[in-house]
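Participant: Quick one: structure below, then a few questions.
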Amino acid sequence: MTDWLKPLTLQTELARQIIVAFIRAELTRAGFTHGILGLSGGIDSALVAFLAAEALGKENVVALLMPYRTSNPASRADAELVAAQLGIATRVIEITPMVEPYLAQYAPHDARRRGNVMARARMIALYDHSEEFHALVLGTSNKTETLLGYTTQFGDNAAALQPIADLYKCQVRQLARALGVPAPVLAKAPSADLWQGQTDEGELGFTYDDADAILYRLVDERRAVADVIAEGFEPRVVQRVGELLRRNQFKRVPAPVAKISARTVGVDFLYNRDWGT
């Protein structure tokens, strides 16, 4: 770990205890005993699967594997490796027949649009199966993705709970290693696997380690962009991270409501999510 990332050294045992208790408490409060998640073969979903299995018991966790025809076969193999190690149930939902007719007609060549359609198709499958299993959908987004807006709205960022959304990517790696996530999952380059050869860092234009160090200073320490640049970070990357952080705030908040009445949802009709339970 570089010196810039030292402030993000995680107390892994404490983080494990907090997140496991969070998953168990939130599901119980909502009247559920089962959780369901999309298991992609990447480190984020693998970590959530490990934490959910501990929190709920392996018999109460369902993982959906949702490949597209261009998905890397290694992704499915890694997801199955995680599921087998944990002993959780899996179901394979091939999304190609769901999305191919739409993509062929409306987005034959636009990689970003195609990726967003795939992400939203996966959420359709997850929420549909959540009804079958009477389970809450567990999100797999981390803090870095959430702050950068590197998620698909109403796609991979749609969930009832977000267990790891306050862990930066480097902290996800630390906790995953501590919990025994399989080595092939730990070693692979982060990728949403939306098209062949796609990697997160290649698409973003900077590394997760750089993003984590910069975001920590901008968000947790509330520093200005100029102050972070003065510390020695590459100006182009700091400015780009700051721009993405600002521009994607709309993904992190509920949709604004035009106030007309005396009490407006999200404005002055405000209650905790477990209000009345």
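Participant: Report yes if some residue within the stretch 146-156 is surrounded by fewer than 19 Cβ atoms within 10 Å (Cβ to Cβ), among the hydrophobic types (A, V, I, L, M, F, W, C) and within 13 Å of L37 (Cβ to Cβ); otherwise report no.
Facilitator: No: the stretch 146-156 contains no residue that is surrounded by fewer than 19 Cβ atoms within 10 Å (Cβ to Cβ), among the hydrophobic types (A, V, I, L, M, F, W, C) and within 13 Å of L37 (Cβ to Cβ).
Participant: Quick check on my filter: what residues within the stretch 28-55 are modelled with pLDDT under 95 and in a helix (DSSP H, G or I)?
Facilitator: Result: T28, R29.
Participant: Now a separate question. Output the number of residues of the stretch 56-74 satisfying the condition of being out of contact with any Asp or Glu (no Cβ under 9 Å at 6 or more places or on another chain) and assigned to a loop (DSSP other than H, G, I, E, B).
Facilitator: 1
Participant: Being in the same structural domain as L51 (by TED's automatic domain parsing), more than 27 Å from G149 (Cα to Cα) and not aromatic (F, W, Y), is that true of even one residue in the stretch 117-132?
Facilitator: Yes; the residues of the stretch 117-132 include at least one that is in the same structural domain as L51 (by TED's automatic domain parsing), more than 27 Å from G149 (Cα to Cα) and not aromatic (F, W, Y).
Participant: Now a separate question. Please count how many residues of the stretch 82-134 are charged (D, E, K, R), part of a helix (DSSP H, G or I), at pLDDT below 95 and more than 20 Å from G41 (Cβ to Cβ).
Facilitator: 2
Participant: Go through the stretch 1-21 and report how many residues are under 26 Å from F133 (Cα atoms) and in contact (Cβ under 8 Å) with a residue 24 or more places away in the chain.
Facilitator: The qualifying residues number 4.
Participant: Go through the stretch 22-49 and count every residue that is under 19 Å from the mean Cα position of the chain (by Cα) and without any contact (Cβ under 8 Å) to a residue 40 or more places away in the chain.
Facilitator: Of the residues in the stretch 22-49, 2 are under 19 Å from the mean Cα position of the chain (by Cα) and without any contact (Cβ under 8 Å) to a residue 40 or more places away in the chain.
The values are calculated or read from the model by the stated rules, or taken from the named source; none is laboratory data. Owing to the predicted nature of the structure, the values given are computational and were not obtained by experimental measurement. As a convention, Cβ positions derive from the backbone with ideal geometry for all residues, glycine included, and neighbour counts pool all protein chains shown.
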